[in-house]
4 protein chains.
Amino acid sequence: MNAGSQQDLFLDNVRIADTFAEAFPATATRLIVTAVSQRWAVIAAQVFCGNATSVIACDVEAAVERTLAASETPDGRPGISILAFAFDRAALETAVQKRTGQCILTCPSTACFNGLPVTADGQITVGGSLRYFGDGYQQSKKLGKRRFWRIPVMDGEFVCEDKFGTAKGIAGGNLLICGRTSAAALLAAERAAEAVAEFPDVILPFPGGIVRSGSKVGSRYPALRASTNQAWCPGLRGLVDSELPADCQATYELVFDGLSEQAVTAAMKTALQAAVTVPDCLLVSAGNYGGKLGRFHFHLKDLLPGIGPE
Amino acid sequence: MNAGSQQDLFLDNVRIADTFAEAFPATATRLIVTAVSQRWAVIAAQVFCGNATSVIACDVEAAVERTLAASETPDGRPGISILAFAFDRAALETAVQKRTGQCILTCPSTACFNGLPVTADGQITVGGSLRYFGDGYQQSKKLGKRRFWRIPVMDGEFVCEDKFGTAKGIAGGNLLICGRTSAAALLAAERAAEAVAEFPDVILPFPGGIVRSGSKVGSRYPALRASTNQAWCPGLRGLVDSELPADCQATYELVFDGLSEQAVTAAMKTALQAAVTVPDCLLVSAGNYGGKLGRFHFHLKDLLPGIGPE
Amino acid sequence: MNAGSQQDLFLDNVRIADTFAEAFPATATRLIVTAVSQRWAVIAAQVFCGNATSVIACDVEAAVERTLAASETPDGRPGISILAFAFDRAALETAVQKRTGQCILTCPSTACFNGLPVTADGQITVGGSLRYFGDGYQQSKKLGKRRFWRIPVMDGEFVCEDKFGTAKGIAGGNLLICGRTSAAALLAAERAAEAVAEFPDVILPFPGGIVRSGSKVGSRYPALRASTNQAWCPGLRGLVDSELPADCQATYELVFDGLSEQAVTAAMKTALQAAVTVPDCLLVSAGNYGGKLGRFHFHLKDLLPGIGPE
Amino acid sequence: MNAGSQQDLFLDNVRIADTFAEAFPATATRLIVTAVSQRWAVIAAQVFCGNATSVIACDVEAAVERTLAASETPDGRPGISILAFAFDRAALETAVQKRTGQCILTCPSTACFNGLPVTADGQITVGGSLRYFGDGYQQSKKLGKRRFWRIPVMDGEFVCEDKFGTAKGIAGGNLLICGRTSAAALLAAERAAEAVAEFPDVILPFPGGIVRSGSKVGSRYPALRASTNQAWCPGLRGLVDSELPADCQATYELVFDGLSEQAVTAAMKTALQAAVTVPDCLLVSAGNYGGKLGRFHFHLKDLLPGIGPE
């Protein structure tokens, strides 16, 4: 790593902007979905996590966290974990109830368990709400302090845990990856997203882990809370004050939601270091709002090798 | 095909109940999503179609219709078509606008086109709403009678058609597939769903095309519009009036939404005939509400070979 | 399409070399593999088609031709078709026997059927050889003129057709796709390969349909029949007589094996027209040996739109 | 676990035969394949590992070992590891050279590295053989004690390590999984195979990890070294001395090749314990030849919970 100028850092000849990602507090939960096979757990989780890219317009931000071996799940079947983030606990509870009811309860052979510690003031009700679908035929069983609902369905019963824990998480960690060509930018973003695909405690909520519609707060249209960030649009260079390097054809963004600052930092570090290994990756930057809106600041210079614990 | 009794039909030694599926009118639209590769079109479509299993609790029912060769798409790129169904045009418009904005506008390299004829009183606005994300930098272009919006984003521009056509479609065609074992029932349902995976004009909106939580209208809990259909739950045999064959361990349902009665009939016919080829498939039946709620009735006896056009 | 010079053609601003692909006669067969689900048919076919990229060093060139609906297969189960090509019928017979025995006979739930007309002097024996694995417990059944072997295995029986037809096919149709960047070249090659993924009568035998190690006949090392084609290596520009455009960073080749000249032409046409739609695709060319080695010549100018039947 | 009789063990109500799997010494190597994306590394590895199920008729037994994060690979790109097993080092060298040349050298963007310690008398030559494809344009570079060949190809260069280490491994560890129904047997086998999919130091070389054509040594046909094991064929019950439980409809086998007894034991233990969690799994057994042919014996009773290190 070399400092090309006061503001410029370089990693593998790729410029790293001396800036930071600005992220926000969010309420998070973890669902553990098991099924008769890993394949069916994945199907349920993919359906659960659809249309859950950004809480600006979706009820929740959600994505698969990682694959779980049978030895890691409560019922000893293959599974998958999902992380979901919302503005507050009430919104999270509503979204998780609805999505579990529509996407997991309905899916062949699945069960659904809480994956975070439950505290008196931090819990949300999931199985305890879905149980009414059982129309009086549902049954409760308790194992230690955990209560589970057994809801009769056509392939036997849907087992769903009563209460789920929540955590104070972080939404909106991000990296901007600029390429000399569109194809290189996409490849660098794909490599970065692949590199953190199975990272614990972190998800990338956008399609394939990648966003191409970077936004700014506000718009010339009063009804719109967010609009395209023209400074990053290659098609508008010349018309607007552009932040893009002169020879940049496209930029992609990775958005990171995580259960802790450590988890988001670790994932951003791995993703950044993966992106710069792609030829024609030009610049890695990050999005912020001047630092005044979001409580969490992730400085790119802290993500370089040799900085902090590897 | 043999009639075992007045009520019983048989196909490949599998009993076919002499009953019908009852389905409902719905408003439908078709989206054509293209991208830099088939793989990215599939990713965008999967995210768009998540949490869209049933309009009882989702804003829309949606799934991938089929893969499109580049020669079949408006911009000559690889693509995929999606069908979406809602109670009425206003609900459909809102859902498609939101989901296109969150799941396709955001996804690397995509464009989104209308896939149905547009009529004056049947159209919904999609690109014409999303264009405001362009914050004044969007541009319109017209090709013949079709208007497209070019919305600047970080990898160039998102092209989205202004208006989408809608059609009077059908939601809720269904088959119930009973197996001597859970595994056989799932295999038969999987084979049936696979058999219609690329069928034109029809989708199966549930996870992997299959539902295991068959429901009835109403519940003992007044707030609930639907609840588990105890007559089809193997775990409740003995406790309730069961519709299940004595040796049935599990039942799965396929739900069909289509653009026409012909399309739904064709898909149900292919699916039924695929299911019965699986060993230990015991019975194929269908769900209805006595015929008084839904306008469309699909009789299983009309789905057997030699009945109607193959 | 414009002629930039006597030698130059252009399609969508991409240069199309005025040259031809030179291909060779080969003996072909088609296997139809069915299974309990499409997924298991795909698994068997992928294993069968591994290490089958080029008859220069493999026993056979083979790849999946296309997905088969249950209505298209002899036993009414979901399936997949494979095309396999070899120098002559004897080599093809040996390779297909061995691979069917190791990769399909072994695979859960599969059956294997002939997919070409059988003639007295063009047939190869498949089931008729594998039957001995049954150790005397195998049984033969005849349906019309076709004989099938039922070989007992641990999940029931493996049904394999006795004789398979062969056809005089073509191996080595090809396109060379040059990109301004490596990523663009790969994207153009991927789009071209995706565009013909389900084409009937044609396969692309290399990994993902694409080759990056273009070769020439012979080598400075006498033992080697083929070696890298230095004229197409971007890293050797300046050291050798290069065929590469000045600003070309990478080239990928698609190789086409087909059952007829018509099928190879149709696939090459679709692939070429798909490749040029990718930005930074610079040039499409083809490989030949001066026209003296291979009997079949596919001229790129015949693959442009408006030339011949679309 | 309960002993139902002197010979019978039970786990989750599934009978575990008091027998052992008999396995053989084999020579093993590990290849690390990297590429521009995880997806392309997977494609190369799948093609490399095709038609590599059993050394009885294939040149090698090979399968993907596990996914490698970029931080685990020599060139910092996403990757995958492959394990390959053969009778002896000479056979292994020939097979790995040929397959690397046909399946990895040819595949877009890949590189190929040794993944085992290299010793003077245990090494095989890979890059040192493939280098001749470079036709004199190849270059060697040395990093520490490791030599790499840079072979010019159309997308730049193929980097391949000169020498690969080998290890004394084990081939033929196995489990036999019997189900009350075919579908249950397949599900149990699938769950067992999924459970060890990413296990280090072990592979399952058959399609999808599963074999259905269990064999015995020899045949009534002198030319055949192996033939169907009639004692395990449900279709032959009544005709032969059957080893199958009375109500068993199908059996599947998992075959394990590993770098050490510890690795094979760990994988067999996890797989067995996963299989028995599937309803209608009846019996888990194993195949042996009386203990006289193979040096390694894996007793099923040692794979039960509470036996040895978990």
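The values are calculated or read from the model by the stated rules, or taken from the named source; none is laboratory data. Here the structure is a predicted model, which is why all the values come from computation and not from measurement. Reconstructed Cβ throughout: ideal geometry from the backbone, glycine too, with neighbour counts over all protein chains shown.
Of note:
- Condition check for residue C:161: modelled with pLDDT of 95 or more, away from chain D (no Cβ under 14 Å) and under 19 Å from residue C:36 (Cβ atoms): yes
- Flag for residue A:246 being touching a residue at least 24 places away in the same chain (Cβ under 8 Å), assigned by TED's automatic domain parsing to the domain that holds residue A:229 and among the aliphatic types (A, V, I, L, M): no
- Members of the stretch B:70-91 that are part of a helix (DSSP H, G or I) and over 18 Å from residue C:197 (Cα atoms): B:89, B:90, B:91
- Check on residue C:115, more than 19 Å from residue C:167 (Cβ to Cβ), touching an Asp or Glu at 6+ places or on another chain (Cβ under 9 Å) and at pLDDT 95 or above: no
- Test: residue in the stretch A:105-121 that is within 14 Å of chain C (Cβ to nearest Cβ) and touching a Gly at 6+ places or on another chain (Cβ under 6 Å): no
- A Cβ distance below 6 Å, combined with a sequence gap of six or more or placement on separate chains, defines the contacts here; from the stretch D:12-40, residues that are within 14 Å of chain A (Cβ to nearest Cβ) and at positive phi reach residues that are surrounded by 21 or more Cβ atoms within 10 Å (Cβ to Cβ) and among the aliphatic types (A, V, I, L, M) in the pairs D:12/D:276.
- Inspection of the stretch D:92-102 identifies no residue that is farther than 27 Å from residue C:209 by Cβ and at pLDDT below 95.
- Yes/no for residue D:275 being buried (at least 24 other Cβ atoms within 10 Å of the Cβ) and at the interface with another protein chain (Cβ under 10 Å from one of its Cβ atoms): no
- Selection count where residues are surrounded by 24 or more Cβ atoms within 10 Å (Cβ to Cβ) and either of a type in the set (S, T, N, Q) or at pLDDT below 95 (or both), scope the stretch D:14-35: 2
- Residue within the stretch D:175-186 that is away from chain B (no Cβ under 14 Å), β-branched (Val, Ile, Thr) and touching a residue at least 24 places away in the same chain (Cβ under 8 Å) present: no
- Any chance residue C:132 is outside any strand (DSSP E or B) and either touching a helix residue (DSSP H, G or I) at 6+ places or on another chain (Cβ under 8 Å) or of a type in the set (A, V, I, L, M) (or both): no
- Test: residue in the stretch D:215-222 that is farther than 14 Å from residue D:268 by Cα, buried (at least 24 other Cβ atoms within 10 Å of the Cβ) and among the basic types (Lys, Arg): no
- Qualifying residue in the stretch A:8-23 (condition: assigned to a loop (DSSP other than H, G, I, E, B) and among the charged types (D, E, K, R)): yes
- Of all positions in the stretch A:3-11, at least one carries a residue that is modelled with pLDDT under 95 and surrounded by 20 or more Cβ atoms within 10 Å (Cβ to Cβ).
- Some residue of the stretch C:254-270 being within 14 Å of chain D (Cβ to nearest Cβ) and either over 23 Å from the mean Cα position of the chain (by Cα) or not in a helix (DSSP H, G or I) (or both): yes
- Taking the criterion of being touching a residue at least 60 places away in the same chain (Cβ under 8 Å), away from chain D (no Cβ under 14 Å) and crowded, with 22+ Cβ neighbours inside 10 Å, the residues of the stretch C:41-85 that qualify are C:65, C:83, C:85.
- Those residues of the stretch A:211-249 which are closer than 24 Å to residue A:56 by Cα and aliphatic (A, V, I, L, M), in sequence order: A:211, A:217, A:223, A:224, A:226, A:231
- Hits in the stretch C:120-129 - residues which are surrounded by fewer than 18 Cβ atoms within 10 Å (Cβ to Cβ) and not in a loop (DSSP other than H, G, I, E, B): C:125
- Test result for residue C:215, at pLDDT below 95, closer than 26 Å to residue C:82 by Cβ and among the hydroxyl-bearing types (Ser, Thr, Tyr): yes
- Matching residues, the stretch D:223-234, being touching a residue at least 24 places away in the same chain (Cβ under 8 Å), of a type outside the set (S, T, N, Q) and either assigned to a loop (DSSP other than H, G, I, E, B) or exposed (fewer than 15 other Cβ atoms within 10 Å of the Cβ) (or both): D:225
- Scanning the stretch C:285-308 for residues that are among the aliphatic types (A, V, I, L, M) and at pLDDT below 90 yields C:293, C:307.
- Unmet requirement for residue A:300, which otherwise passes all of (1) more than 22 Å from residue A:25 (Cα to Cα); (2) under 21 Å from the mean Cα position of the chain (by Cα): (1)
- Qualifying residues in the stretch C:240-253 (those that are closer than 20 Å to residue C:288 by Cβ and acidic (Asp, Glu)) - the one nearest to the other protein chains (Cβ to nearest Cβ): C:253
- The set of residues from the stretch C:37-60 being outside any helix (DSSP H, G or I), in contact with a Pro (Cβ under 7 Å, 6 or more places away or on another chain) and not hydroxyl-bearing (Ser, Thr, Tyr) comprises just one member, C:52.
- Of everything listed in (1) of a type in the set (Gly, Ala, Ser); (2) within 7 Å of another protein chain (Cβ to nearest Cβ); (3) free of Cβ contacts under 8 Å to residues at least 40 places away in the same chain, the single unmet condition for residue D:214 is (3).
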